[in-house]
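None of the figures in this text is laboratory data; all of them are computed from the coordinates on show. What you see is a predicted model; the values in this text were computed from it and never measured. Cβ atoms come from the backbone with ideal geometry, glycine included; neighbour counts cover every protein chain shown.
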Amino acid sequence: MTTTIDDIKRSLLINDFIRYLKWSFKTKYNDKIILRPFHIEVCEALIKVYTGEIKNLIINMPPRSGKTEIVNTFVEWTITKHPHAKYIMTSYSDTLVSNSSQQIRDMLNSQEHKQLFNIETKKDTQSKKLWRTEHGGGVYAVSSFGQITGHGAGTKHQGWGGCICIDDPLKPNDARSILKLDNIKEWYQTTLSNRINSPDTPIIVIMQRLHINDLVGHILSNEFEDADEWEVVTVKMLDEDTNTSMWEEFYPADKLLKMKRSNPSYFYSQMQQSPTIKGGNLLKTSWLTLTRSKVIESIVFEFKFITVDTALKAKEKNDYTVYSAFGVKDGKLYLIDMYRGKPLSKEREVTAKDFYNKHCNGSYFRGMFIEQKASGIDLFQRMKEDGYMVFEVERNTDKVFRAENISPYIEIHGIFINEDIPGISDILSEVEAFPNGEHDDIVDTIMDGVEIAYVKGDMFSYEELL
């Protein structure tokens, strides 16, 4: 049998998703697709779902960054390879998900696709919301909270049989509605996730983060008891260590930095995929001011100090060890640096001493204040024996009670935070989520800092702690 150009092209496309994505985009739009490194990372994760290396996949990406095009083409590519495969596609918008379904169907029916792959769709199922191939596969498209009775994703056969694709299950304004956040959790748990035809049928969630209690938040907090079955790809549009954009042509770095300063909640949730609770609970990010490192470096502080919250275990679900460095000038408290990690005992001592030495220069340094608990006591004793200026801090009251006591000081005086601290989004997320967040280690060090700077002030007797 003679091998034709079409045979070679067909083989290349059917065995290479990224090549197929480029061909499909060019065929549909008569234009070349622009793929940045994060697009390639997303494509490679989807390929691992197809090969079975990943069971379920979460992809968190900013709005208008190509996520819908990529996931639609993934469905198109896999159903081209397996015309018997069955899919459920869903999104917050009935129009959006119907158009996605139609786009895939129309591509299969296009002359260019038929010439290479000859996939036929049934004439009696040609609606946007439901269509089938002649091999029994196809797509059912439904908006969030819609009826799925009678439809399933995947097949009982071995190998690829399709999947559930969830593309932005809530619109941005839904993040303001506790009812919508609760409803999407219930709909996913009781309806959507049960529409798989095999335990091996994967679920793909591709969305921008909106709230700590959005669908991804519920999954990652293990509320469905399957967190270990999920892989997560997170696309942060701004590299905050270098202040460079992941896609400068579409999201210029200067605009992202302006957004970060003017609307940090939006920036960190949808651009950086680290959502915070808008408006806050006990503590509010509106009381925090992001300050450029150049400004902080120019300040001659009246005094500086470090607060420490240690963790006993280093496992993923346990708390972090946090060191926060503060400076005080003209009655204002500055968070100038922070370390957050999960070092073990000996490594904790090394990192604590390194952080101490980084910030102890000058006669105005007041020392390092370490919480009086098992791992903190051990760290305190080791550092004191080695001649470091360390003090023990007792926390004898409930965290909420402490927050209620110190919140007026933060609201009145504010806290100025170095915006170039690695993990700045973690600081904002913890503050906004407190006391209901997964972690509160950063908040603990901030509350200690406020007490030292504002509450106890000059009346604070450091000698009593020796």
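Some points to look at:
- When the Cα gyration tensor is reduced to axis lengths a ≥ b ≥ c, the ratio a/c is 1.5 or higher for the range 196-296, and with a/b not above b/c it is classed as oblate.
- About the Cα centre, charge dipole magnitude for the range 360-417 (Lys/Arg +1, Asp/Glu -1 at Cβ), debye: 60
- Entries in K123/K171; K55/K346; K81/K180; K22/K123; K128/K236 that, when Cα-Cα distance is taken, lie over 31 Å: K123/K171; K55/K346; K81/K180; K128/K236
- Net charge dipole, the range 278-465: roughly 320 debye, given to the nearest 20, about the Cα centre with Cβ charges of +1 for Lys and Arg and -1 for Asp and Glu.
- Residues whose placed amide H lies under 5 Å from that of T133, excluding near-sequence neighbours: K122, G138
- D420 long-range amide H proximity, modeled H, under 5 Å: S293
- Candidates per GluC sites (Glu not before Pro) in the range 338-438, loop by DSSP, up to 10 other Cβ within 10 Å: E394
- Considering only S144, N60, H218, the residue lying farthest towards the positive end of the dipole of the chain is S144, judged by Cα position with unit charges set on Cβ.
- For I59, the residues whose modelled amide H falls within less than 5 Å of its own, excluding neighbours fewer than 5 places apart on the same chain, are V205, I206, M207, V233.
- Among S324, S274, N357 the positive-end extreme of the charge dipole of the chain (Cβ point charges): S274
- Rounded if a/c under 1.5, otherwise prolate or oblate - the range 278-465, Cα gyration tensor axes: rounded
- Put a plus charge on the Cβ of each Lys and Arg, a minus charge on the Cβ of each Asp and Glu, and nothing anywhere else: the dipole of the chain about its Cα centre is then about 1800 debye.
- Answer label for Cα Rg over 2.2 N^0.38 Å (calculated), chosen among (1) 0.94; (2) 1.06; (3) 1.17: (3)
- Mean Cβ neighbour count within 10 Å, used as a protection proxy, ranking 420-427, 224-231, 304-311 highest first: 304-311, 420-427, 224-231
- Extension reserve of the S363-I34 stretch, reckoned as 0.36 nm per residue once the Cα distance is removed: 113.0 nm
- Order by protection proxy (mean Cβ within 10 Å, highest first), peptides 283-295, 353-365: 283-295, 353-365
- Here's the picture: charge each Lys and Arg Cβ at +1 and each Asp and Glu Cβ at -1 in the chain, and of T201, L335, F74 the one pushed furthest to the positive end of that dipole is F74.
- Helix 441-450 and the long axis of the chain differ in direction by around 30°, with both axes built from C-alpha atoms.
- Length added when fully stretched, E411-E249, from 0.36 nm per residue minus Cα-Cα: 54.5 nm
- Scattering curve values for the range 5-235, log₁₀ I(q)/I(0), Debye with Cα scatterers, q = 0.10, 0.11, 0.15, 0.18 Å⁻¹: -0.42, -0.52, -0.99, -1.47
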